[in-house]
Amino acid sequence: MNPDTLTLLAVGLPTLAAAATAVTVLVRRRGSGSQDEAAPSADDRVVDGTTAVQEGEPATAPAPAPAPDVEALPVLDGEATALEELERAAALEVPAPVQGRMARLRDRLARSGSPLGARLLSVLSRDHLGEEDWDELEEVLLLADVGAGPATELIDALRTQARVHGLSDAAQVRALLREQLLALVDPSMDRSLATTPATAEDGTHVPAVVLVVGVNGTGKTTTVGKLARVLVAEGRTVVLGAADTFRAAAADQLQTWGSRVGVTTVRSDRDGADPAAVAFDAVRTGTQEGVDVVLVDTAGRLQNKAGLMDELGKITRVLTRQAPLSEVLLVLDATTGQNGLNQARVFGEVAGVTGIVLTKLDGTAKGGIVVAVQRQLGVPVKLVGLGEGPDDLAPFDPEAFVDGLLRG
Ligand code: GDP
């Protein structure tokens with residue numbers, strides 16, 4: 001128990017005895033209420049997500065899980081229950097505010113020496129740019145993974161500007177480059193995350209369902225954990241679904257992320273359980289608990305494209321029987337360049353991606369991948385991973401990104 005908790009307990013104990021009695025009464029009363037009301041606390045709500053889901057099964061509402069026999073539960077000493085609640089609350093982490101996180105990327109990009117921006121500026125500031133200089137600029141852009149099409153567009157735009165206005169003034173060159181890079185990143189794309197729950201016609205609560213896909217190792221599970229924290233920081237309620245059932249550690253990892261901020265994880269304790277079944281159970285739990293968002297982590301074994309297609313296809317079909325998918329986020333590792341783009345193409349074909357999460361942007365000076373991947377898939381980069389820390393995930397902000405490239 002940490003000292004803060006001790007202080008809290010010292011202050012709270014006298015009133016807690018009374019409160020604790022009330023908690024016990026509440027637990028007892030719940031025995032006669034609905035199962036939702038009787039749901040165990042965040043720490044022990046790890047559901048065994050092994051509902052058998054058969055393709056072609058009628059789209060009926062899932063049978064409710066049997067209500068726990070609350071009377072059979074050991075009646076905890078009221079004081080101990082309340083103290084545990086207090087300890088648990090004190091142990092929960094408070095995620096960092098989301099605003100301003102992109103500024104950290106700016107700093108990191110600048111610290112990395114930002115070769116893209118610095119090299120572009122150094123060529124553009126030469127006197128009398130010749131063909132070789134323009135070729136060099138193109139090479140810099142290609143090396144930064146911007147992609148051939150966008151690189152040509154940028155060079156053409158800069159050449160036109162150079163002809164019309166000249167490129168003599170350093171501040172003007174920087175402003176021009178900023179404007180053109182920003183145009184490539186496309187600030188007009190809608191980068192908001194669809195995480196608002198809905199109400200069905202029959203009045204049922206429908207959580208927003210966010211499916212997270214991508215090749216293993218790209219940072220998928222970490223991203224789901226970080227995103228849960230972002231949502232918690234914004235006051236939203238969340239359930240996690242550990243549908244990466246091929247890697248036992250993935251479910252443990254996700255559960256740890258969730259428990260740190262008091263979020264339930266639905267998982268299977270059986271390796272190789274049907275991922276669609278776990279995803280289904282996660283959405284059912286989210287619906288029953290009335291949470292705002294269900295985040296579903298998936299496995300991404302790209303070695304077997306047909307298998308991956310089948311698996312993601314089945315998860316999608318099974319989930320959409322319960323609730324429409326609000327977002328399908330593709331996680332890509334920014335350091336993998338062309339390889340990442342090939343992955344993007346495969347997932348784009350399979351999963352109906354609505355947004356990209358570009359992880360490990362802190363580990364590359366090749367920011368151009370943002371442009372290339374948006375072009376490849378025609379969907380925006382919505383979030384970026386900026387490090388291994390729990391709050392190193394930021395909503396992508398084109399202006400902050402371009403400013404980061406040009407600093408240094
Ligand atoms: P998964 O197999 O796709 O679920 O990948 P994991 O979530 O297990 O992450 C793989 C590794 O990438 C872990 O070591 C993460 O800490 C690391 N990682 C994830 N996101 C980032 C990021 O934005 N920056 C850095 N530097 N590392 C990251």
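The values are calculated or read from the model by the stated rules, or taken from the named source; none is laboratory data. Predicted model only: the values in this text are computed from it and were never measured. Cβ sites come from the backbone with ideal geometry, for glycine too, and all protein chains shown count toward neighbours. The protein model used for the area step is the full one, side chains on, heavy atoms only, and it has no ligands, DNA or RNA in it. Shrake-Rupley method; radii C 1.70, N 1.55, O 1.52, S 1.80 Å.
Points to keep in mind about this one:
- Cross-link pairs K305/K366; K226/K360; K226/K382; K360/K382; K220/K382 - those with Cα-Cα distance over 24 Å: K305/K366
- Remark: the stretch 270-382 is approximated by an ellipsoid whose semi-axes, taken from the C-alpha gyration tensor as √(5λ), come to 27, 16, 13 Å, largest first.
- The residues of the stretch 101-185 expose on average 51 square angstrom of accessible surface per residue, using a 1.4 Å probe on protein heavy atoms.
- Estimated inter-spin distance, V94 and D310, nm [label 7 Å along Cα→Cβ]: 5.0 nm
- Reduced Cα scattering model of the stretch 90-226, Debye log10 I(q)/I(0), q = 0.20, 0.22 Å⁻¹: -1.30, -1.43
- Taking Lys and Arg as +1 and Asp and Glu as -1, the other residues whose beta-carbon sits under 10 Å from that of A282 total 0.
- Nonpolar atom fraction for the stretch 161-278, defined as the carbon and sulfur part of the 1.4 Å probe accessible area, stands at 49 percent.
- The charge dipole of the stretch 101-185, taken about the Cα centre with unit charges on the Cβ atoms of Lys, Arg (+1) and Asp, Glu (-1), comes to about 740 debye, rounded to the nearest 20.
- Among the GluC sites (Glu not before Pro) in the stretch 326-407, those placed in a DSSP loop whose Cβ has at most 16 other Cβ atoms within 10 Å are E388.
- Under 5 Å between amide hydrogens, built in the peptide plane, is the criterion, and for V381 it picks out I356 among residues at least 5 positions away or on other chains.
- Coupling constants for the stretch 350-358 follow from the phi torsions by the Karplus curve (6.51 cos²θ - 1.76 cosθ + 1.60, θ = phi - 60°), and in residue order they are 7, 10, x, 5, 10, x, 10, 10, 9 Hz; glycine and proline get x.
- Selection of trypsin sites (Lys or Arg not before Pro), the stretch 334-366, meeting DSSP coil and at most 16 other Cβ within 10 Å: none
- Spacing of the two label points (7 Å from each Cα toward its C-beta) at D252 and M189, in nm: 3.7 nm
- FRET efficiency for D133 and E388, using Cβ-Cβ distance with R0 set to 41 Å, rounded to 0.05: 0.55
- Each residue of the stretch 131-148 is assigned a 3J(HN,Hα), and the resulting list reads 3, 4, 5, 5, 4, 5, 4, 4, 4, 4, 5, 5, 5, 8, 6, 5, x, 5 Hz, derived from the Karplus form 6.51 cos²θ - 1.76 cosθ + 1.60 (θ = phi - 60°), x at Gly and Pro.
- Counting charges near N339 (Lys, Arg +1; Asp, Glu -1) among other residues having Cβ under 12 Å from its Cβ returns a value of -1.
- Taking label positions 7 Å along the Cα-Cβ direction at both T204 and R321, the computed distance is 1.1 nm, reported to one decimal.
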